[in-house]
Amino acid sequence: MSDKLTLAEKVWHDHVVAPGADGEPDLIYIDLQLLHEVTSPQAFEGLRMSGRTLRRPDLHLATEDHNVPTVGVVGGNLLDIKDLTSRTQVATLRKNCEEFGVRLYPMGDVKQGIVHTVGPQSGATQPGMTIVCGDSHTSTHGAFGSIGMGIGTSEVEHVMATQTLSLKPFKTMAVEVSGTLREGVTAKDIILAIIAKIGTGGGQGHIIEYRGEAIRKLSMEARMTICNMSIEAGARAGMIAPDQTTFDYLEGREFAPKGADWDAAVAYWKTLPTDEGAEFDTVVHIDGDALTPYVTWGTNPGQGLPLGSRVPDPEDFITDAAKAAAAKALKYMDLTPGTPLRDIAIDTVFLGSCTNARMEDLRLAAGVLRGRHINPNTRMLVVPSSAEVKRQAEEEGLDEVFRAAGAEWRTAGCSMCLGMNPDQLAPGERSASTSNRNFEGRQGPGGRTHLVSPLVAAATAVAGHLAAPADL
């Protein structure tokens, strides 16, 4: 092995408990497991049936997010959850966390929120860590220079019991984003452009490290958006090297090191960036100077184009498989080839999810909506990603901006990102969504989703069709 290592290789090797022999998986130590109500019940029950306890309950953190309602929430009352299945899952999480000694942020708690916001805002997510959760978008945490991975239920139980996972090392990919972003272009546009270029399987078997001038200039919240959607490119995880931006974000947070421990941690974190001369298995280049706002037109995140483009013709694709996929997507989305993307009317705008519902996102959208009104044919849901984000937004008066424009201001949760709670699209309804997936039925059976940035979401709400702030 070369003595020049990438960021991912350094973190991996620092966590090998027992190396695999003859191509077998390594046994990897896990620093933090995040839990929510959907994928944890079976894992807890597995422990209970085998008579086991959590090896390190202090290295687990739970929150309620996927199934919680975003309206009508009074404290943590389970009766606020009208759907019986959802209420049962939340009640089960509470019971399990109490029985097994896991810290829980329940609905109505000031620290509750989407799991991938709760970790970073509490300081539990730190550089150089291995972080897992029964949720594919655990890749979000890689923005801090950690390896964040979504895992299955049986693996969740394995981590509970042993604080380890058996995994084979992944390949490494560098995505170099050069230049400076134009006004109106955001991290969401970067990642949509990357996925459009390499495809939804382009990162398969890899951990992606996002690098380059444009990445270094991003805030921590923007970096989380980038890493969040790594899984949509097929990657196992996404990472960005920690730097002063990372340290400034973490310092003083609840679970961040303090005093001499902080100094020691920062000294270690500074050793993590990829060594000069280290080699990646794959390298991809993106010209950040040339990027414009992106939107998706199809039914996977790789089917995206600049907003100024037109709906593509399936016959323009090269392979028969690509032609068939495009034709199928256009049929579901009810779109005609050659239609300008800006001409696509939108019924619902969703500003939320673990991808784009942090303070920076809300500020960007509010800046567009201030003094404007939402199109009468369009509704807009604004769902903060955590109770803390909601509190801070209200302190800044952003909720008043959204309400004055005609948007609905909600409480924290996953909401319309996925059709697992009351916030769903009706069949045939079309949304512009700041979330991460536009699969068929993702936001409700028969719903049609266009992935967009917070800026495009806000401008679209005003225009009633896909639009950028410059169009207003």
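Taking the Cβ of Q126 as the center, what net charge do the other residues with Cβ under 10 Å away carry, scoring Lys and Arg +1 and Asp and Glu -1? It would help to have the intermediate numbers written out before the result.
On the way: positive: R253; negative: D31.
Taking every Cβ under 10 Å from that of Q126, the sum is 0.
Take the Cα coordinates of region 361-472, assign each an equal point scatterer, and use the Debye formula without solvent to give log10 I(q)/I(0) at q = 0.10, 0.13, 0.15 Å⁻¹.
-0.26, -0.45, -0.60
In region 181-271, what is the volume of the convex hull around the alpha carbon atoms, normalised per residue and reported in Å³?
Details: hull volume 10.0 nm³, N = 91.
In region 181-271, the Cα hull volume divided by residue count equals 110 Å³.
Using all C-alpha to C-alpha distances in region 135-223, build P(r) with 10 Å bins and read off the rounded percent in each one.
14, 44, 28, 13, 3
Sum up the charges of everything whose Cβ sits under 10 Å from the Cβ of N436, counting Lys and Arg as +1 and Asp and Glu as -1, but leave N436 out.
So the environment of N436 carries a net charge of +2.
Summarise the accessible area of the chain (1.4 Å probe, protein heavy atoms) by the percent that is carbon and sulfur.
Carbon with sulfur: 51 percent of the solvent-accessible area.
For region 239-373, take the alpha-carbon Rg, divide it by the Kirkwood Rh, and send me Rg/Rh.
1.10
If you split all Cα-Cα distances of region 406-471 into 10 Å bins from zero, what percentages do you get per bin, shortest first?
Reading the bins upward from 0: 23, 50, 26, 1.
Can you give me the convex hull volume of the Cα atoms of region 160-318, divided per residue and expressed in Å³?
165
Helix-only estimate, please: 222 nm mean residue ellipticity of the chain, summing -39500 (n - 2.57) across DSSP H runs of length 4 or more and dividing by its residues, to the nearest 500.
Per the formula, -9000 deg cm²/dmol.
When only the heavy atoms of the protein chains count and the probe is 1.4 Å, how do S166, S309, S433 rank by accessible area, highest first?
Largest to smallest exposure gives the sequence S166, S309, S433.
If we restrict to alpha carbons, what Rg and Dmax does the chain come to, in Å?
Answer for the chain, Rg first and Dmax second: 21.5, 64 Å.
When the distances between all Cα atoms of region 1-159 are binned every 5 Å from zero, what whole-number percent does each bin get?
2, 9, 17, 20, 19, 14, 9, 5, 3, 2, 1, 0
The values are calculated or read from the model by the stated rules, or taken from the named source; none is laboratory data. For clarity, every value in this text was computed on a predicted model and none was experimentally measured. Every residue, glycine as well, gets a Cβ built from its backbone with ideal geometry; the counts of neighbours run over all protein chains shown. For accessibility, only protein heavy atoms count, side chains too; no ligands or nucleic acids. Shrake-Rupley method; radii C 1.70, N 1.55, O 1.52, S 1.80 Å.
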